[in-house]
Amino acid sequence: MIVASERPTIAAEPGSPPAFLITIDTEGDNIWSNPREVTTRNSLFLPRFQALCERYGFKPTWLTNYEMARCRDYQDFARDVQRRGTGEIGMHLHAWDSPPIVPLPSPDEPQPLLIDFAVSTMRDKVAVMTDVLEDTFGTKMTSHRAGRWGFNAAYARLLVERGYIVDCSVTPHVAWPAGSDYTGFPDDAYFLDLDDIARAAQPGAATLLELPVTIAPAGTVARQLNTAVRHLPSLARRAVARLAPAVHWLRPSGGNLSAMLELLRTRRAQNRSYVEFMLHSSEFMPGGSPRFDTEAKIERLYEDMEQLFEQAAKAFRGATLTEFATEVRSRPAPALSPL
C-alpha cells in the first residue's frame with residue numbers, strides 16, 4: 001500500500017482555478033426506508049437546485065439510476081439540462097432493482113451491493129443500465145458512481161469495458177460497515193490501478209480516472225470517540241456521529257456549513273485540482289430522506305448551499321465529471337504532486 005506522502009496526485013493547472021464538481025445520486029424517493037414500491041416524485045424538485053448551480057456557473061453531474069431513467073418527468077428535466085449544456089447525465093447503479101433481476105445473494109439483505117453478485121451478473125447489470133441511459137438520453141455514458149459506495153477492481157474493469165472514463169465511488173477515510181473500506185485510499189484525483197483500486201497508476205498506464213468525494217478526517221478526539229462506540233447499538237453510534245463526526249464531507253447535513261467552508265479553504269490552499277460536493281436527488285424534496293424531512297429543513301439546506309456556492313464561486317470553476325476528466329486526460333504531461 002502506498003502511504004499518503006507517496007501518493008501521486010493531480011495538481012491544479014497553473015493559472016486555472018480548481019474545479020467545483022457537483023455530483024448528485026439521482027434515485028427514487030427515500031431509498032433509506034427500503035420502500036416496497038419506489039416512487040420518483042423528487043424529480044419535480046430538481047429544477048430549483050439546477051437553477052442554483054447555474055446562478056453560480058456550476059454544472060452538476062446527475063448520476064442516474066434505473067427508476068429515474070424510466071421517469072418521464074426526470075427525462076424531460078435531464079434532456080433540457082443536456083440541451084443547454086448546463087450539466088451531465090451519468091450512471092448510478094442500484095444492484096437490487098436494476099435489470100436483469102436475479103435472486104439476491106443474501107435474502108436477508110434487501111439492498112445488496114453490485115459487488116456482492118457474481119462478475120457475470122455484474123457485467124449484465126452494468127450493460128443494461130448503460131444501454132438504458134444511452135438509449136434514453138442519446139449520449140455516451142462516461143461518468144459513474146457505485147450504488148451504496150460498493151466498488152472494487154472487478155467493477156472498475158467492467159466500467160472500462162463499457163467506455164467509462166471517470167468514477168467517483170471512493171469515499172476516503174470511510175469504511176462502510178457492510179461494504180467497501182476506503183481507509184488508506186488516496187483523497188485526490190488519481191488514475192485507478194485496475195488490479196488494486198487503492199493504488200494510483202501512472203497516467204497512460206490506466207484509463208479510468210478516480211475522483212474521490214471530498215472528505216477529510218475530523219480531529220483526534222472525534223475520531224477516538226467514534227471508534228470507542230463501535231460496539232454500541234446503531235442508534236447510539238449515529239447520535240455520536242451527528243454530534244462529533246469522525247470525518248467531514250463536502251455534503252450538507254443541515255448543520256455543517258462551517259465545516260464545508262473550511263474544506264473549501266483547505267483544499268484551495270493545498271492547490272488541489274478539484275473539490276467534489278455530493279447529495280442525493282431525493283434530499284431536495286421534503287420527506288424524500290430522513291435528514292431533510294420537512295419544508296423548513298429543505299429551506300435550511302438551500303440557505304447553506306447558497307452560502308457554500310457563493311464562496312466556492314470566488315475560487316473555483318464549474319465543470320462536469322466528464323469535462324474535468326477530459327481535461328486531465330488531455331494533458332501531455334500531467335502535473336503530479338505529492339500530498
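The values are calculated or read from the model by the stated rules, or taken from the named source; none is laboratory data. Here the structure is a predicted model, which is why all the values come from computation and not from measurement. Neighbour counts run over all protein chains shown; Cβ positions are idealised from the backbone, glycine included.
Residues in the stretch 61-117 that are polar (S, T, N, Q) and part of a strand (DSSP E or B): T61, T64.
Taking residues in the stretch 60-74 that are over 11 Å from S43 (Cβ atoms) and at pLDDT 95 or above, and partners anywhere that are among the basic types (K, R) and part of a strand (DSSP E or B), the pairs with Cβ atoms closer than 8 Å and at least 6 places apart or on different chains are L63/R145. Could you grab me the full set of residues in the stretch 1-52 that are modelled with pLDDT under 95, hydrophobic (A, V, I, L, M, F, W, C), in contact with a strand residue (DSSP E or B) (Cβ under 9 Å, 6 or more places away or on another chain) and outside any helix (DSSP H, G or I)? Of everything in the stretch 1-52, those that are modelled with pLDDT under 95, hydrophobic (A, V, I, L, M, F, W, C), in contact with a strand residue (DSSP E or B) (Cβ under 9 Å, 6 or more places away or on another chain) and outside any helix (DSSP H, G or I) turn out to be M1, I2, I10, A11, A12.
Across the stretch 209-223, the qualifying residues are those that are part of a loop (DSSP other than H, G, I, E, B) and either surrounded by fewer than 23 Cβ atoms within 10 Å (Cβ to Cβ) or not hydrophobic (A, V, I, L, M, F, W, C) (or both), and the one among them that is modelled with the lowest pLDDT is G219. With respect to the conditions (1) within 18 Å of the chain's Cα centre (by Cα); (2) hydroxyl-bearing (S, T, Y); (3) farther than 20 Å from A19 by Cβ, T136 falls short on a single one, namely (1).
Scanning the stretch 248-303 for residues that are among the hydroxyl-bearing types (S, T, Y), free of Cβ contacts under 8 Å to residues at least 12 places away in the same chain and under 21 Å from T26 (Cα atoms) returns a single hit, T294.
Which ones in the stretch 292-320 are crowded, with 16+ Cβ neighbours inside 10 Å and assigned to a loop (DSSP other than H, G, I, E, B)? Residues satisfying the conditions are F292, A313, F316, A319, T320. Screening G163, G184 for residues that are touching a residue at least 40 places away in the same chain (Cβ under 8 Å), over 14 Å from the mean Cα position of the chain (by Cα) and assigned to a loop (DSSP other than H, G, I, E, B) leaves exactly one candidate, G184.
For E323, the conditions (1) modelled with pLDDT of 95 or more; (2) among the charged types (D, E, K, R); (3) in a loop (DSSP other than H, G, I, E, B) are fulfilled apart from (3).
In this structure, is M141 assigned to a loop (DSSP other than H, G, I, E, B), buried (at least 17 other Cβ atoms within 10 Å of the Cβ), on the phi < 0 side of the Ramachandran plot and touching a helix residue (DSSP H, G or I) at 6+ places or on another chain (Cβ under 6 Å)? For M141, the condition - assigned to a loop (DSSP other than H, G, I, E, B), buried (at least 17 other Cβ atoms within 10 Å of the Cβ), on the phi < 0 side of the Ramachandran plot and touching a helix residue (DSSP H, G or I) at 6+ places or on another chain (Cβ under 6 Å) - is met.
Looking across the stretch 175-222, not a single residue is of a type in the set (K, R) and on the phi > 0 side of the Ramachandran plot.
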